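Everything on this sheet refers to the single structure shown next.
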Amino acid sequence: MNSPDARHTSKRRVLKDVFGFDDFRPGQESAMDAVLAGRSVLTVMPTGSGKSLCFQVPALVLGGLTVVVSPLVALMQDQVAALRLAGVAADTINSSRERDENVAAWRRTARGETRLLYLSPERLMTEPMLAALSRLDVRLIAIDEAHCISQWGPAFRPEYETLGRLRDIFATIPIMALTATADESTRADIVTRLFGRPVEQIVLGFDRPNIRLTVSAKQDWKQQLLGFVQSRAGESGIVYCLSRKRTEQAASLLFAKGIKALAYHAGMSKEVRETNQNAFMTEPYTVMCATIAFGMGIDKSDVRYVFHADLPASLESYYQEIGRAGRDGEPAQAHMLFGLGDIRMRRMFIEDEESGEDRKRREHQRLAALIGYCESPGCRRRVLLGYFGEEAEPCGNCDVCLDPVVLADGTAEARLILQAMQASGERFGAGHIVDILRGAKTEKIIGAGHDRLLAFASGVAHTKEQWRSLIRQLVAGGFLIQDVTGYGGLSVTDAGRAVLSGERQFKYRPDTARRAVRKERPATSARPVTAEQSLLLARLKQLRLEIAGRRHLPAYLIFSDRTLVEMARHEPKSLHEFAMINGVGASKLRDFGQTFLDTIRSYTTENMSTPA
């Protein structure tokens, strides 16, 4: 079993027999092979690409115990429930369970009965738990949502900072860190904090070309939201709001207009949250209005849009949130409202956070990158993918590509910025460059002697915010590079030098945060099944909901939407044919196969053509 060939055979058998899948998705096999060979690995894969299988399959191949670190209780419990439905011995110990349940789970783990044990960082990083685990046969440690190591500050989840101790306590055990959202800076931070040395990295492409990207200036958010959702009647979507109050306002507004809208935020009771989540997962044409508390681990394939009523925290947060749309590969849309008030609010949140100046500086730089995306005069997808280190051609599926805005010639202003940067050594951030241009005699300006530069006070005709917007658009357009990892210093690219030499022009989008709202053209969505198959699909979803209700589980854990769609398309007639459906493993075949076959057979009989 320890040879590479044996491991290869074993992982494929586990993938099919336990989880019901015929083949690996991109990146999965490489990640599995790394830990099966005893190597630690950082895996960055888009939402919906099957990250969990990257550690669940090796856990069963390796035997022994796999410890999974997960940030949210609900996420842990859902994954444990899903594994148990697949016939896997999984457990979780967390604060939401009764003490006797946690004690029983630990006893099963200590006896060697548990294959995967899910823990929060707070539960794991205690001396008694670490000491107890070090005496067990731990074969693998998996850290899910690993971007939290970098992005959740020490004041919020301090135990995330201590996860680096695991490499010393379990020195011979491979560690797998997984996330859907990590730019180059975040990846470097994870590697430094968690592994303490360079490790293998598997980074898949970040592009989700089926999602149309659009941004509008925020004017009357309620009417903008209502108009957007009403134009997409008959579709499921998620509306993200910054606060609990805004979430409830959005849900009430839509519900009053006859739209099946629900709210979800951390201030609601666990029972109400679960009821609303189940309804969203199973009932058609449902809109979930939520804070960022909703979404992590949600696997609903037919979400047709994500609407941001407020500015998200960063491009990484934005990417993760819009990734919940269009997971079936069909057309979807990500629409964001963008206003100056949002920028002020986000900056205030950063300053109010109980964290060090280094973290605050980095968060301000991440926010600036997001604002640059909103203000971009060119293809939004190029800016978004560029942030994650990918190059792309204009996509033809964002509002800027589909409906180009009128741009102003900013070549003269760009040259002033570039000259100020070069004269000051290309090592200062946007704020300092703006101070040079505006002629501000700050202590830093005078101390550096920058009040004696030719560029000093050369830009008094523009406001500070106008200069900041121009700099953000220069970064978004690839004329400047900002060091997000360090102190936010700006440097000139080849494209920027071409502007300085007169070989290129710079076009910019003036006053983006106040520009008029263009009428949005909704992305058309192809139906995943025929009209006849959709009736069977609805019946299968109802059956799934009834089974989930009896087991007190979220419905999507029984079978994913994607698996139900395949059932509706192929209408299996025997257990053998049912086993061929992607997502049907041996345990689910045994527990649910005949029940679903009976429903399919009943539907087929009812809809058979009557002979003339």
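The values are calculated or read from the model by the stated rules, or taken from the named source; none is laboratory data. Just so we're clear, the structure is a prediction, and the values are computed from it rather than from any experiment. Please note: Cβ atoms are built from the backbone with ideal geometry, for glycine as well, and neighbour counts cover all protein chains shown.
When you look at residue 52, is it hydroxyl-bearing (Ser, Thr, Tyr), touching a helix residue (DSSP H, G or I) at 6+ places or on another chain (Cβ under 9 Å), touching a residue at least 24 places away in the same chain (Cβ under 8 Å) and outside any helix (DSSP H, G or I), yes or no? Criteria not met by residue 52.
Would you tally the residues in region 219-236 being in contact with a helix residue (DSSP H, G or I) (Cβ under 7 Å, 6 or more places away or on another chain) and buried (at least 19 other Cβ atoms within 10 Å of the Cβ)? The total comes to 2. Taking every residue in region 459-481 that is more than 14 Å from residue 496 (Cβ to Cβ) and pairing it with any residue that is in a loop (DSSP other than H, G, I, E, B) and of a type outside the set (D, E, K, R), at least 6 positions away or on another chain, the pairs with Cβ-Cβ distances below 7 Å are 460/439; 467/459.
Evaluated against (1) more than 30 Å from residue 331 (Cβ to Cβ); (2) among the aliphatic types (A, V, I, L, M); (3) not in a strand (DSSP E or B), residue 182 falls short on exactly one condition, (1). Set side by side, the residues 482, 422 differ, and just one is at pLDDT 90 or above and either on the phi < 0 side of the Ramachandran plot or of a type in the set (S, T, N, Q) (or both), which is 422.
Pull up region 65-86, narrow it to residues that are of a type outside the set (A, V, I, L, M, F, W, C), modelled with pLDDT under 95 and not in a helix (DSSP H, G or I), then point me to the one that is nearest to residue 20 (Cα to Cα). Per the criteria, the residue is 70. Applying a threshold of 8 Å to beta carbon distances and a minimum spacing of six or more residues, or different chains, the list of pairs starting in region 398-426 at a residue that is in contact (Cβ under 8 Å) with a residue 12 or more places away in the chain and surrounded by fewer than 21 Cβ atoms within 10 Å (Cβ to Cβ) and ending at one that is assigned to a helix (DSSP H, G or I) and of a type in the set (Gly, Ala, Ser) reads 424/448.
Of all residue pairs spaced 6 or more apart or on separate chains, those with beta-carbon atoms under 8 Å, a first member in region 183-200 that is without any contact (Cβ under 8 Å) to a residue 12 or more places away in the chain and a second member that is part of a helix (DSSP H, G or I) and not small (Gly, Ala, Ser) are 197/191; 198/191. Which one is nearest to residue 14 (Cα to Cα), of the residues in region 63-73 that are aliphatic (A, V, I, L, M) and buried (at least 21 other Cβ atoms within 10 Å of the Cβ)? Here the residue is 65. Sort out which residues of region 97-141 are of a type in the set (Asp, Glu) and assigned to a loop (DSSP other than H, G, I, E, B), and write them in order of number. 98, 113, 137, listed by residue number.
Restricted to region 226-240, and to residues there that are of a type in the set (A, V, I, L, M, F, W, C) and at pLDDT 95 or above, the residue that is nearest to residue 308 (Cα to Cα) is 239. Residues that are out of contact with any Gly (no Cβ under 7 Å at 6 or more places or on another chain), modelled with pLDDT under 85 and not assigned by TED's automatic domain parsing to the domain that holds residue 46 number at least 3 in the following helices (runs of 4 or more DSSP H) confined to region 337-396: 340-352, 357-375.
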